[in-house]
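Here the structure is laid out as structure tokens; the discussion comes afterwards.
The values are calculated or read from the model by the stated rules, or taken from the named source; none is laboratory data. Note that the structure is predicted; figures quoted are calculated from it, not measured. Because the Cβ atoms are built from the backbone with ideal geometry, glycine has one as well, and the counts that use them run over all protein chains shown. Just the protein is used for accessible areas: all its heavy atoms, side chains included, with ligands, DNA and RNA removed. Shrake-Rupley method; radii C 1.70, N 1.55, O 1.52, S 1.80 Å.
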Amino acid sequence: MRVRVILVVLALFTFLSSAIGGYLYFNALKASSLQTLERQALFRAENISDQLNSYMGGELKSAAVLAGLQPIRSALERDARTASMGEINLVLDTFRSGLNVGVCYVMDAEGTTLASSNRHDPDSFVGENFSFRPYFVQAMTGSSATYMALGKTSGVRGLYHSHPVYGPSPDRPIGVAVIKSAIGDLESELHAGPNEIITLADPHGVIFLSTRKDWILKTLRPLLPDEIDELARSMQFGSGPWPEAGLDFSLEGSARDADGVPYLVFQKPLIGFTGWTIYYFRNQQALLSTILAPLSRTHGTVIVILCLLVGSTVFILYRKASQDIVRRREAEAALRESEERYRRLYHHTPAILHSIDPDGRLLSVSDYWTGVLGHERNEVLGRKVTEFMTPESRRMAEEYVIPEFMRSGFCRDISYQFIKKNGEVMDVLLSAIAERDAAGTIVRSLAVLVDVTELKKTEEKLKAARDALRSYSQELESAVRQRSGEISSILQHTPAVVYIKDLDGRYIMANSRFGEISGLSPDEMRGKTDFDIFPLGTADQFRTNDLTVAKVKESRQMEETIPQTDGNHIYLSVKFPLLDSDGEVSRICGISTDITLIKKAQEQLRRLSGHILSDQEAERANIARELHDELGQVLTALRLDAVWLRNRLTNLDMKAYHRASAMCDLVDQTIDNVRQIAVRLRPGVLDDLGLVDALEWMIADFESRTDVSFTFHHDDLPEIQGPLATCAYRIAQEALTNVARHAQASRVNVTLTHTENALRLTLSDDGQGFEPDGLADAQGLGLAGMRERAILVGGSLKLYSTPGEGTVIECVLPLSHPLKGEPA
């Protein structure tokens with residue numbers, strides 16, 4: 001044994017010496033490599049800071065150029081309500097596309113947005129007032145400004161560059177020109193690696209820019225109440241809340257995120273933005289992997305060989321010293337095996353076991369016995385088993401059970417109550433057999449106890465549940481009576497008609513409102529059919545709808561007309577079947593609501609919509625005519641002057657010549673744009689040549705402006721003019737616009753056919769399709785407008801679409817129906 005201990009100690013000493021030397025050498029190499037990588041990370045943070053500082057001032061000069069353009073100044077000098085916005089909108093669109101920025105817009109001296117390049121977008125903010133924005137306040141003092149904020153209308157983070165627009169007085173701005181760049185473009189240009197995070201935060205610690213998306217608009221630290229109020233008032237980052245990003249900066253120069261990942265942190269102030277800070281996070285685990293990988297490749301083999309040599313030596317010496325000890329232990333184990341087998345069986349069996357002598361004293365208890373009752377073994381051995389029973393069980397055991405057991409040597413399922421050490425009472429069933437000596441005298445018992453405490457509790461709970469169920473049944477009966485009274489009151493006082501019929505159409509139940517309409521009391525209606533109460537046409541209508549519901553076994557909604565003393569009333573009826581236990585229809589129930597006033601209001605609203613659409617078309621024609629006659633002539637004169645100026649400068653000043661040529665091209669482009677706007681507002685071909693030629697022109701225009709292939713098929717149609725042609729044209733225009741914007745289609749088929757009384761317009765595409773029922777209210781406005789136009793001329797419009805299978809729109813218009821709201 002001593003030789004074995006000495007060998008083990010020497011081997012451990014040798015191994016520890018080698019391990020400590022290798023550890024110190026490894027740490028020295030690790031520290032040197034870590035310093036090198038930290039210098040590289042610091043250099044990377046410097047580069048990111050320079051890149052951000054350069055980007056922040058990138059569009060200030062462009063904003064100054066935009067503010068100095070004559071169309072911008074002219075629009076602000078004049079009354080914006082009377083000024084033509086076509087030229088200023090063209091300038092804003094040109095700047096937006098040329099600079100590839102998010103939005104370009106112009107604000108007046110009160111902070112109201114007069115014009116914007118996103119005027120046609122759903123998040124357009126033309127007419128919105130942003131006088132509270134710091135970039136507007138600073139620009140109105142005569143200084144350019146750069147400002148970072150979350151868009152109030154769009155909800156998009158952006159970098160705002162503003163510049164004052166001056167009028168006749170160079171000391172007082174008359175408005176502000178603003179260029180907004182999306183911060184998302186900058187985040188994508190930072191090219192952060194997989195183990196680095198680049199973040200920009202404001203003075204309060206709100207993260208405005210981050211390559212880790214789940215940190216955006218969260219805070220680096222908890223905000224104070226005053227800071228929260230200040231951020232909410234400024235609306236710089238929306239209305240909040242701004243939760244914490246879960247970063248822990250307790251150690252200087254490092255941080256941990258919410259997942260416990262450690263990072264090295266480098267901070268750099270953002271030049272020109274007081275309090276704004278650039279944070280560069282570098283994953284420490286990735287840094288350590290970068291260090292450990294090469295070290296493991298270069299030194300791992302040496303360490304493994306050394307460990308194998310030391311381990312082999314220890315193993316050989318240890319094995320020789322252990323052989324004698326192993327043989328000795330094998331002999332001892334054989335002697336103890338039989339004893340341990342019985343002991344394990346007794347103590348480890350998951351049963352409550354004990355043995356008592358003829359005096360009732362405990363000789364042994366199993367481990368499970370001590371565990372359940374909570375006693376230690378030395379606390380119970382030698383004591384009477386009845387000391388651990390309740391008084392009632394003790395009396396029964398001492399007077400009856402134990403004397404009978406000592407006589408017969410057997411007992412089974414004796415109900416006892418034992419008391420645990422913590423005072424809890426445990427119900428058990430005890431069964432026992434006796435162990436006798438050679439003379440047949442009982443010397444000890446072996447008893448098994450089964451814990452039935454939970455069973456007793458379950459029985460008590462079951463009894464309590466039965467009592468509770470009886471009480472609940474009584475309460476339920478009372479509630480049913482109450483609900484029955486409430487339902488009867490509802491049926492009596494509801495303004496709706498409620499009734500139940502059998503399959504033969506006989507009334508089983510009808511409320512008092514139905515009685516008022518029919519002139520009969522509910523009792524008088526019982527057993528009668530609709531043919532006994534209403535005129536033949538009304539009864540046929542009711543019976544047909546009842547049979548339909550009974551056939552399909554589903555609820556149906558329909559409109560029904562009921563004659564009353566003041567004329568016919570229209571009712572919206574919901575009919576549904578009542579099924580028996582076999583699932584067969586046994587009754588028909590109906591609930592009808594008078595919607596006569598609603599129908600009249602809908603008709604009035606439809607007529608009003610007709611007038612509005614008619615006025616809208618007239619206004620479109622007027623605007624198109626003014627664009628063509630007035631602005632077109634002005635632009636033509638301007639082009640003639642620009643051509644004259646270009647020709648005069650041909651041999652005098654080439655730089656001025658090229659500038660004049662660019663002016664000519666810009667005027668030509670403007671003339672084309674004005675012409676296209678006028679045509680889209682009210683194409684002359686629709687009034688001059690009719691619907692077919694107008695559709696051919698519009699389809700050719702869409703095909704020239706998109707990558708979609710169009711085909712147009714039509715019958716030899718009669719001449720279609722007036723409101724019907726306008727309706728068909730506008731529906732086709734809206735449908736093709738939706739295809740170009742949303743469908744992602746490669747081919748569109750347009751078909752125009754007619755019958756003797758109807759005109760049918762069909763448009764189908766092979767685009768991505770959609771779920772018509774899943775459209776939001778705002779997304780479905782275009783479809784609702786098309787359907788409203790069709791209804792106004794007495795037609796109908798249907799839409800069929802499935803995701804991935806394209807969309808079909810089918811519009812049917814009557815050829816002889818005048819537009820509602822206009823004379824025929």
Looking at region 727-754 only, could you name the residues that are aliphatic (A, V, I, L, M) and open to solvent by less than 40 Å² (accessible area, probe 1.4 Å)? Ala728, Ile731, Ala732, Ala735, Leu736, Val739, Ala743, Ala745, Val748, Val750, Leu752
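Being part of a loop (DSSP other than H, G, I, E, B) and farther than 15 Å from Arg444 by Cα is the filter; apply it to region 344-365 and report the residue that is least open to solvent (accessible area, probe 1.4 Å). Break it down stepwise before answering.
So in region 344-365, the residues part of a loop (DSSP other than H, G, I, E, B) come out as 349-351, 357-360.
If we keep only those that are farther than 15 Å from Arg444 by Cα too, we end up with 349-351.
Numbers: Thr349: 45, Pro350: 108, Ala351: 24 Å².
Applying the filter and picking the extreme gives Ala351.
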Apart from one, (1) more than 19 Å from Glu810 (Cα to Cα); (2) without any contact (Cβ under 8 Å) to a residue 12 or more places away in the chain all hold for Ala784; the odd one out is (1)
Across region 141-186, which residue is modelled with the lowest pLDDT among those that are open to solvent by 50 Å² or more (accessible area, probe 1.4 Å) and either part of a strand (DSSP E or B) or not polar (S, T, N, Q) (or both)? Asp185
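Of everything in region 204-214 that's surrounded by 15 or more Cβ atoms within 10 Å (Cβ to Cβ) and within 26 Å of the chain's Cα centre (by Cα), which residue is farthest from Leu270 (Cα to Cα)? Let's see the steps before the verdict.
So the first thing to find is which residues in region 204-214 are surrounded by 15 or more Cβ atoms within 10 Å (Cβ to Cβ), and the list is 204-212.
Those left that are additionally within 26 Å of the chain's Cα centre (by Cα): 206-212.
Details: Val206: 14, Ile207: 13, Phe208: 13, Leu209: 12, Ser210: 14, Thr211: 17, Arg212: 19 Å.
The extreme case among them is Arg212.
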Given the residues Phe125, Phe95, which is the only one that is buried (at least 17 other Cβ atoms within 10 Å of the Cβ), in a helix (DSSP H, G or I), touching a strand residue (DSSP E or B) at 6+ places or on another chain (Cβ under 6 Å) and not acidic (Asp, Glu)? Phe95
Every listed condition ((1) in contact with a strand residue (DSSP E or B) (Cβ under 6 Å, 6 or more places away or on another chain); (2) at pLDDT 90 or above; (3) not in a strand (DSSP E or B)) holds for Lys456 save (2)
What residue, of Gly505, Gly515, is in contact with an Asp or Glu (Cβ under 9 Å, 6 or more places away or on another chain), within 23 Å of Ile490 (Cα to Cα) and open to solvent by less than 40 Å² (accessible area, probe 1.4 Å)? Gly515
Output the strands (runs of 3 or more DSSP E) that fall wholly within region 206-286 and possess 3 or more residues being closer than 23 Å to Gly184 by Cα, in contact with a helix residue (DSSP H, G or I) (Cβ under 6 Å, 6 or more places away or on another chain) and of a type in the set (D, E, K, R), or say none. none
With buried (at least 20 other Cβ atoms within 10 Å of the Cβ) and farther than 30 Å from Pro122 by Cβ as the only criterion, which of Leu763, Leu792, Leu724, Leu717 stands out? Leu724
Criterion first (modelled with pLDDT under 75 and under 30 Å from Leu429 (Cα atoms)) does Tyr346 satisfy it? yes
If you go through region 697-709 one residue at a time, do you hit one that is touching a helix residue (DSSP H, G or I) at 6+ places or on another chain (Cβ under 7 Å), within 14 Å of Arg760 (Cβ to Cβ), in the same structural domain as Leu813 (by TED's automatic domain parsing) and not in a loop (DSSP other than H, G, I, E, B)? no
Considering residues that are surrounded by 12 or more Cβ atoms within 10 Å (Cβ to Cβ) and within 21 Å of Gly151 (Cβ to Cβ), the number found within region 215-251 is 17
Which of (1) at pLDDT 85 or above; (2) of a type outside the set (Val, Ile, Thr); (3) over 21 Å from Ile278 (Cα atoms) is the odd one out, the single condition Pro203 does not satisfy? (3)
Would you pick out the residues in region 420-447 that are among the hydrophobic types (A, V, I, L, M, F, W, C), assigned to a strand (DSSP E or B), out of contact with any Asp or Glu (no Cβ under 9 Å at 6 or more places or on another chain) and open to solvent by 60 Å² or more (accessible area, probe 1.4 Å)? Val425, Ile433
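Right, Val450: surrounded by 12 or more Cβ atoms within 10 Å (Cβ to Cβ) and out of contact with any Lys or Arg (no Cβ under 9 Å at 6 or more places or on another chain) or not?
Values: surrounded by 12 or more Cβ atoms within 10 Å (Cβ to Cβ): yes; out of contact with any Lys or Arg (no Cβ under 9 Å at 6 or more places or on another chain): yes.
Yes: the conditions hold for Val450.
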Looking at (1) without any contact (Cβ under 8 Å) to a residue 12 or more places away in the chain; (2) farther than 30 Å from Ala75 by Cα, which is the one condition that is false for Arg172? (2)
Output the number of residues of region 252-268 satisfying the condition of being open to solvent by 50 Å² or more (accessible area, probe 1.4 Å) and either closer than 29 Å to Tyr147 by Cα or in contact with a Pro (Cβ under 7 Å, 6 or more places away or on another chain) (or both). 3
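For Leu363, are the conditions met, namely being over 27 Å from Lys457 (Cα atoms) and in contact with a Lys or Arg (Cβ under 8 Å, 6 or more places away or on another chain)?
Details: over 27 Å from Lys457 (Cα atoms): yes; in contact with a Lys or Arg (Cβ under 8 Å, 6 or more places away or on another chain): yes.
In short, yes.
Counting just the residues of region 383-400 that are part of a helix (DSSP H, G or I) and either outside the structural domain of Gln417 (by TED's automatic domain parsing) or among the hydroxyl-bearing types (Ser, Thr, Tyr) (or both), which one comes out surrounded by the fewest Cβ atoms within 10 Å (Cβ to Cβ)? Give the steps one after another, and end with the answer.
Our first condition is that a residue be part of a helix (DSSP H, G or I); within region 383-400, this holds for 385-388, 391-400.
Narrowing further to those that are either outside the structural domain of Gln417 (by TED's automatic domain parsing) or among the hydroxyl-bearing types (Ser, Thr, Tyr) (or both): 386, 393, 400.
Working: Thr386: 20, Ser393: 22, Tyr400: 11.
Once the filter is applied, the top-ranked residue is Tyr400.
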Failed condition for Tyr472, given (1) outside the structural domain of Leu381 (by TED's automatic domain parsing); (2) open to solvent by less than 60 Å² (accessible area, probe 1.4 Å); (3) of a type in the set (Phe, Trp, Tyr), with all others met? (2)
Conditions (1) surrounded by 13 or more Cβ atoms within 10 Å (Cβ to Cβ); (2) under 30 Å from Leu792 (Cβ atoms): number failed by Val549: (2)
